[in-house]
Each structure stands twice: as structure tokens, then as C-alpha cells.
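Enquirer: Just passing along the structure, written as C-alpha cells.
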Amino acid sequence: YTIPTSGTYAGDFTILWRGNGHGHGLSQYGAQVAAEKGLTVAQILALYYPGTSQATATGNIRVRLSAAPRDSLQVAPTASLTVVDTGNSNASYALPTTIGGIAVKQWRLGVNTQGKAVVAYLQSAWKSYRTLAGDGKFVDSKLGYVTLLNPSTRKYHGALLAASSVSGDLHRYTVNVVPLDQYVDGVVPSEMSPSWPSAALQAQAIAARTYALFERSDHTGNYYDICDTTMCQVYGGINAESTASNQAVTATKG
């Protein structure tokens, strides 16, 4: 369309638009081009978030792992793996790598017909190990991550929780309880190419962290804060991380 330079419709034009998805906030391709043109992260943020100021935040974020099957949170055994019972003052129980001299292949958090969380282990078959008073979560404080085995093998910082959606729920849903900045480590390279300029990656890190904080404040009564798909923002855990994007997260930490 040719913009007229004379007559009734000559002059300035305003284009109203919205992007795909959430429809507001950072344009990732826009941030890429701006960074390539030499704009700083502060200038990129000022463009997409005018009138805002920066602040800091810490704590955990609870991420619903959408692809994980209901009622069957399966993880890899390690020498320092524990299970925590949230209904028993967060009592922690060490999980051995061998039982009866036979290696444990997997650990699982499931649920029985009474709605109780059940810890089980796999050797040649699944065997019950312990019934919990509340929800259970797998934690490896020494390694700092837990390896999820279903539906695919992926490593996640923090804990993997088999969460009830409401009190007395007969089902459990896999939730990654992860420190905020380690969560952003798994978001940035999932939402933006880590080969892009540092200023764009840093802008993405701040935008991702901000969106997660909004979701956290908006879901205080829910069993999770945010999902891991494009319905929220994509999160791939440790497997998704790259050196360049992690550096961008570190540069904007908090």
C-alpha cells in the first residue's frame, strides 16, 4: 500500500498490532535486530517496556511439567537421592541404590486407591517402599538436580514434586520446584536462539524472569505457578541450557 503524500489522507499513520501468543511484551526478533544494531539491554527494555523500572526477586518457581504422565513420577537413582514427605514436617528419607543386594533401576512416586502417595522402586518389577503422609518430592541436595525418566530422560535443577491439585486429590502431577534463576536458565535458550547477541539474550532473561514472577503472584493458591509450554513460556530444564544463554542469565541475576 502506498502512503499518500498529499490530499485528505496525507500525514502520519499509527499502526496498531499485536504479536502471536500473549500479544504484548518483548518481540524476540525485534530484540535480536536491536542488539545487532548495537542497542544495549537497557535500551531494548526501554523500547518494549516503557515507563517501567527494574527490581530484584528471589525464591523458587513451581513449573508444571506438562508431558510427564499423571500418577507416575519416575526418576533415576543416585547415591544422594532422597524423598521428602511434605505431610510429615518435610521429613527426608535416603533412597538406596541397591536393595537386597540388587540394583535399583528407578524410583517412582505414585498414588494408591486411598489417595496416599506411595514410593516404589524398580528391580525386575515395581515394589512398594514407603507410603507418605503428604505429597512426595525427589531431591538430590548433593548433585543439585534430579533426572526425570518419563516421558523422556531430562535433568532438572531443584526438586521434582508429585503434587496434589487439591487436598484429598486421588491424582498427582509432576512439578519442578526450582530456584528462579535456574528456571530462567532453562527458558532463555528455549525461547530465543543462544547464538543471538548478548544484549538480546539478557533482555529475554529479564522478560522471562518477570513473566514468571507475574505467574507466581497470580497462582498463590494453585499447586503450580507456571507451565513449561508455549501456553506460558517454554522451559526445557538443564538439557536445554547453553553457555551463552546461561551467561546472560548470570549477568541479569535476580
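Enquirer: Using a 1.4 angstrom probe and counting only protein chains, how large is the accessible area of residue 131 in Å², to 10?
Expert: Probe radius 1.4 Å; accessible area of residue 131 about 80 Å².
Enquirer: Same structure again: Please give the per residue accessible area of the chain, computed with a probe of 1.4 Å over protein heavy atoms only, in Å².
Expert: Normalised by residue count, the accessible surface of the chain is 53 Å².
Enquirer: Something else now. Where a Cα-Cα gap under 17 Å defines reach, which lysines qualify for residue 127, not counting those fewer than 8 residues away within the same chain?
Expert: Partners within reach: 105, 116.
Enquirer: Can you tell me what the convex hull of the Cα atoms of region 149-254 projects to on average, as an area in nm²?
Expert: Average of the hull's projected areas for region 149-254 equals 6.9 nm².
Enquirer: Hey, what's the Kirkwood Rh for region 30-96 if you take every pair of different alpha carbons, in angstrom?
Expert: Averaging 1/r across every pair of different Cα atoms and inverting gives 17.3 Å.
Enquirer: Here is a follow-up. Binning at 10 Å from 0, report for the chain what percent of all alpha-carbon pair distances ends up in each bin.
Expert: Over the chain, the share of Cα pairs per 10 Å bin runs 7, 27, 28, 18, 12, 5, 2, 1, 0, 0 percent.
Enquirer: With only alpha-carbon pairs counted, each pair once and no self-pairs, how large is the Kirkwood hydrodynamic radius of region 1-137 in angstroms?
Expert: 20.9 Å
Enquirer: For a quick check: with amide H placed at 1.01 Å from N, whose amide H comes under 5 Å from residue 130's, ignoring anything fewer than 5 positions away on the same chain?
Expert: 119
Enquirer: Rolling a 1.4 angstrom probe over the protein chains, ignoring ligands and nucleic acids, what is the accessible area of residue 241 in square angstrom, nearest 10?
Expert: 50 Å²
Enquirer: Once amide H atoms are built 1.01 Å from N in the peptide plane, which residues 5 or more positions from residue 99, or in another chain, come under 5 Å H to H?
Expert: The answer is 104.
Enquirer: Let me ask something else. Let me check I've understood the local charge: for residue 83, count other residues with C-beta under 9 angstrom from its C-beta, Lys and Arg +1, Asp and Glu -1. What total comes out?
Expert: Value of the local net charge: +1.
The values are calculated or read from the model by the stated rules, or taken from the named source; none is laboratory data. On a predicted model such as this, the values are computed, not experimentally measured, just so you know. Cβ sites come from the backbone with ideal geometry, for glycine too, and all protein chains shown count toward neighbours. Side chains are part of the model used for accessible areas, which takes the heavy atoms of the whole protein and leaves out ligands, DNA and RNA. Shrake-Rupley method; radii C 1.70, N 1.55, O 1.52, S 1.80 Å.
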